[in-house]
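Okay, structure first, notes after.
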Amino acid sequence: MEASSSDILCREISKESQTEAEAILEQAARDAAQREKEAQAEAGRIEADIMSRASAQADALKKRILSGLHLEIKNQKIRAREAFLLKLFERVRQRLEAFRSSREYPEFIRKSVLEGVLALGMDAVEIVSGEKEKAILGPELLRTIEDEIRKVSDRAVSLSLSQETLNEGGVVLMSPDGRVRFDNSLSARMRRVQDAMRLLAVKTLVEE
């Protein structure tokens, strides 16, 4: 029995519909695959961005921790060195006090006076000193120092002992009116050494 024209037409329509449906499904599958690929790529970018930010935050946190640790270590070094310097300065002070009773001390006083007088550059200088130093700075030593100054500076200087008494070792040189002073006391010399040692300690810390 031959198929009618309507049956043939139905079969053709069905075939075309199936082909079209398959094409639509294939296109849908390709679109889905593309969207999945794009979604995975976007997810990868988001993950990379999150990891990058997390890494940057971790690095920043690490730097802050290390910076704080470095600062604390440096502060500990400063405290330790300051404690050491204080102990050292105390030992130096004790040795300087003992030095006042040594045989070398009179020569030290002579040089201290000579240094201060030359620094002041005046024609008349008063010497402020302690009782031990007054005993050393007798008329003969003062004339000797005046002669030395005349030789090295080619000028005459008059030296005299002040009525003022220094409560420590060393000497303080001053103008007769007391307005200009050159402090060559043991404590002043020690302060100059302390300042130099502290500067050296700070310089060493900065360079570390």
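Structure notes:
- Residue list for region 148-169, filter: modelled with pLDDT of 95 or more and surrounded by fewer than 11 Cβ atoms within 10 Å (Cβ to Cβ): none
- Residue list for region 118-143, restricted to those being touching a residue at least 60 places away in the same chain (Cβ under 8 Å) and either among the acidic types (Asp, Glu) or under 17 Å from Glu164 (Cβ atoms) (or both): Leu120
- Count - residues of region 170-193 that are part of a strand (DSSP E or B) and of a type in the set (Gly, Ala, Ser): 2
- Looking only at region 155-169, and only at residues there that are of a type outside the set (Lys, Arg) and part of a loop (DSSP other than H, G, I, E, B), the one that is farthest from Ile127 (Cα to Cα): Ala156
The values are calculated or read from the model by the stated rules, or taken from the named source; none is laboratory data. Predicted, not measured: the structure shown is a model, and the values here were computed from it. All Cβ positions, even for glycine, are placed from backbone atoms using ideal geometry, and neighbour counts span all protein chains on display.
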